[in-house]
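Encoded as structure tokens, the structure appears first; notes follow it.
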Amino acid sequence: MNRGLILKVENLVQLHGACRQLRALSYGKVNRAQWKPVQSSAHPMCPVLLYQQFWQKDKLIHIALSQHRHLTTKEDTKKKKKKIPLTQGEVEIRQKMSVEELAQAMGKDIDHIYEALLYTDINLDSLEPDSILHEDHIKLIVKKSGMKYKSAKLKVEKERENTDAVKRPPADPAVLTPRPPVVTILGHVDHGKTTLLDSLRKTQVASMEAGGITQHIGAFLVHLPSGEKITFLDTPGHAAFSAMRARGTHVTDIVILVVAAEDGVMQQTVESIQHAKSAGVPLILAINKCDKPEADPERVKKELLAHDVVCEEFGGEVQAVNISALKGENLMVLAEATVALAEMLELKADYTGLVEGTVIESRKDKGKGPVTTAIIQRGTLRKGCVLVAGKTWAKVRFMFDENGKAVDAASPGIPVEIMGWKEVPSAGDEILEVESEQRAHEVMSWRTYVEQQERMKRDVEVIEAKQREHRMEYEKKQQKLAHLTWRQRKAVLYKANKHLMFSRPKERTDMDKNVLSVIVKGDVDGSVEAILNILDSYDADDECKLDIVHFGMGDISETDVTLAEAFNGVVFGFSVKANESIKQLAAKKGIKIKLHNVIYKLIEDLKDELNSRLPPAVVENTVGEATVLDTFSVTVGKNKIPVAGCRVQKGLLDKTMKFKLIRKGGVIWKGSLSSLKHHKDDVQVIKTGMDCGLSLDKSIQFSIGDDIICYEEKEVQQTTSWDPGF
């Protein structure tokens, strides 16, 4: 067969193979198909000669295929992209847009945003598509892109309807009925307030008080022989309970100020007067302990003049009654003075309609659940009433009086203990009755919503403040690095971060040692509040940080122990218990549980724990003092060693201890002696009045008149500088 014919056939076969590959690529098989020259198996000889003309064609085909592949991929990407139409080059922007959102609004890709942010104060390495951009940067990007911006219209949210429970309008005076007065007994700690109440209601509350101090507020109804009723609030006189005394005056009608005749006006006495004045409540002065020989009631009355408490005998309006609560002297006179003042005040209330009241105290009882002591101020409370207070609500299941006896109803001015709360309300919360449980849920929903809005507002303020702070720090750093190239800046930042990275574990260890984490549990809400108020005054964070991990009411639980283990903390309990299984669990995990019934003992124990976390201080105790009388040097080998001729003026010099050289009042050297000699003999101790020769470091030169101090170092436990005020 003619050789030229064979060549034509082979060329046709090759062309057919190339066309077939192009057709496969056009059907989307670009990624699977890879073009290869097709060789004829019939004539393998002389491949270079046969295909020499087609290598140029192969190159052209490869370029065409690559361009086709690139165009196909680009078209697919364009289809996937969401196109956002622009109105005359205007971009609708809003505050706090992300990089991706801004790119979509502009109809650009994310790389365009990155390019626009070059040479700005933003660190592009930390910028992600979901990173939030500042409004100034958003405007800058739009301007750099040759576009105009306009602010997006804010979506006006539909204002939520206020569904909170509120007090009823004032009642018609015609329906008002007299009610018992609510009397608060105030005064300094241990001036006899609880003893006075004990005598009035013939109970033994005072003997049950831990440490003789009223630990939390109590409300009692006292029946007088004349048939009158008086509701008494017994508030603690201890300094820790200032907030509870202030709360007591806001629900009271009359304040009885108890002052001990032998002590006179004290700190909490003045504070009690201020609470009564701020609440606009009239005072009755009860001068207690008048049976004691050192009692001086007249001095008390004169001291009170300095605080604008003017008794009737001095031309004022304050009734003063001399009493002895312990012996029961003149108590009926005090009660009659209270009833007379109540009649002058014409105390009346509306016994009908929805109930209004105030939470005096709240606690979590193991058998009863959340329980509150409340004073009813309007309406009559009965079983089945639905109440709201603070962030919780209740359907009244049971009510008890101050003696624990179940009652069916409680009218205005009467203290009552209420069972049925879903959660424990806070002392001082306002109690309002609502029509149904559904209405109670609406009120709780609204109050939760308001709380969330307030929290969000506070969070936004904190975030914005932090952003401003970080921005200022960043600008300062950028100014310091402005003269460097970007490579040099990267190197400086890397070194700084590396240093911080290596220092973090050490810093964390030191921090953990100087942190006291505490869990506080109390019997009632007021007790926990008082303890937290004291801890709020802690001001020694530079010595040891005090971290309140958790606080609440009720006995010590397994959760408290687990929490203390996680934070390496201590559990403090006030008037609560921890059963044996909890104590064993705590001992197994090495957790301390501190239980107390007196508040100042709990605080003292907490101070001891703080002291134990402080590092010991090194104290120098001087053992002996010597004076340099002469100086000379001795040759040891090739070295000249300075030697001081000294006389011990006080104590002794012990070679095993540490020494320091003092010149003109300043310490110029500290360390150990090289040698100590007496009459050319090496000795260990030189006593008072003896002469000696001693040498220190060979680089130290002595001067006549220098002082040599021998001392020992001892570690002494530091104590916290925090003063809780008692």
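The values are calculated or read from the model by the stated rules, or taken from the named source; none is laboratory data. Just so we're clear, the structure is a prediction, and the values are computed from it rather than from any experiment. All Cβ positions, glycine included, derive from the backbone under ideal geometry; neighbour counts span all protein chains shown. What goes into the accessible areas is simple: the full protein's heavy atoms, side chains included, and nothing from ligands, DNA or RNA. Shrake-Rupley method; radii C 1.70, N 1.55, O 1.52, S 1.80 Å.
Side notes on the structure shown:
- The stretch 478-490 - residue that is of a type in the set (Lys, Arg) and at pLDDT below 75 and, of those, surrounded by the fewest Cβ atoms within 10 Å (Cβ to Cβ): Arg487
- Of all residues in the stretch 294-309 being over 22 Å from Ala335 (Cβ atoms) and either surrounded by 15 or more Cβ atoms within 10 Å (Cβ to Cβ) or of a type in the set (D, E, K, R) (or both), the one that is nearest to the chain's Cα centre (by Cα): Asp308
- Matching residues, the stretch 588-621, being over 28 Å from the mean Cα position of the chain (by Cα) and in a helix (DSSP H, G or I): Lys588
- The number of residues in the stretch 663-694 being assigned to a loop (DSSP other than H, G, I, E, B) and either open to solvent by less than 70 Å² (accessible area, probe 1.4 Å) or touching a residue at least 24 places away in the same chain (Cβ under 8 Å) (or both) comes to 8.
- Flag for Val571 being farther than 30 Å from Asp697 by Cα, part of a strand (DSSP E or B) and of a type in the set (A, V, I, L, M): yes
- Comparison of Asp291, Asp263 shows that the only residue that is open to solvent by 40 Å² or more (accessible area, probe 1.4 Å), over 22 Å from Ala335 (Cα atoms) and at pLDDT below 85 is Asp263.
- Among residues of the stretch 254-281 that are in the same structural domain as Ser324 (by the TED database), those with a beta-carbon under 6 Å from a residue that is among the polar types (S, T, N, Q) and assigned to a loop (DSSP other than H, G, I, E, B) at least six positions away or on a different chain give the pairs Val281/Thr252.
- Number of the condition not met by Leu563 [criteria: (1) open to solvent by 10 Å² or more (accessible area, probe 1.4 Å); (2) part of a helix (DSSP H, G or I); (3) within 15 Å of Arg613 (Cβ to Cβ)]: (3)
- Index of the failed condition, Ile360 passing every other in (1) hydrophobic (A, V, I, L, M, F, W, C); (2) open to solvent by less than 10 Å² (accessible area, probe 1.4 Å); (3) within 16 Å of Ala219 (Cβ to Cβ); (4) in contact with an Asp or Glu (Cβ under 8 Å, 6 or more places away or on another chain): (4)
- Counting only residues that are surrounded by fewer than 16 Cβ atoms within 10 Å (Cβ to Cβ) and closer than 19 Å to Thr635 by Cβ, the stretch 701-710 holds 1 of them.
- Of the residues making up the stretch 590-603, those that are open to solvent by 60 Å² or more (accessible area, probe 1.4 Å) and modelled with pLDDT under 90 are Asn597, Tyr600, Lys601.
- Contacts under 9 angstrom Cβ, first residue in the stretch 320-333 being in a loop (DSSP other than H, G, I, E, B), partner buried (at least 17 other Cβ atoms within 10 Å of the Cβ) and of a type in the set (Val, Ile, Thr), 6 or more apart: Ile323/Val258; Ile323/Ile287; Ala325/Thr194; Ala325/Thr195; Ala325/Val258; Leu326/Thr195; Asn330/Val321; Asn330/Ile323
- So Ala279, is it among the hydrophobic types (A, V, I, L, M, F, W, C) and over 20 Å from Leu200 (Cα atoms): yes
- Single unsatisfied condition, Leu610 versus (1) free of Cβ contacts under 8 Å to residues at least 60 places away in the same chain; (2) surrounded by 16 or more Cβ atoms within 10 Å (Cβ to Cβ): (1)
- Per the conditions (1) open to solvent by 40 Å² or more (accessible area, probe 1.4 Å); (2) farther than 30 Å from Lys167 by Cβ; (3) at pLDDT 90 or above, the sole criterion not satisfied by Glu312 is (3).
- One residue from Thr622, Thr627 being open to solvent by less than 80 Å² (accessible area, probe 1.4 Å) and either within 30 Å of Gly705 (Cα to Cα) or touching a strand residue (DSSP E or B) at 6+ places or on another chain (Cβ under 9 Å) (or both): Thr627
- Residue within the stretch 159-169 that is touching a helix residue (DSSP H, G or I) at 6+ places or on another chain (Cβ under 9 Å), open to solvent by 30 Å² or more (accessible area, probe 1.4 Å), among the polar types (S, T, N, Q) and at pLDDT 80 or above present: yes
- Residue pairs meeting the criteria (Cβ under 8 Å; at least 6 apart or on separate chains; first closer than 16 Å to Leu233 by Cα, in the stretch 188-209; second among the acidic types (Asp, Glu) and modelled with pLDDT under 70): Lys193/Asp234; Thr194/Glu209; Thr194/Asp234; Leu197/Asp234; Val205/Asp234
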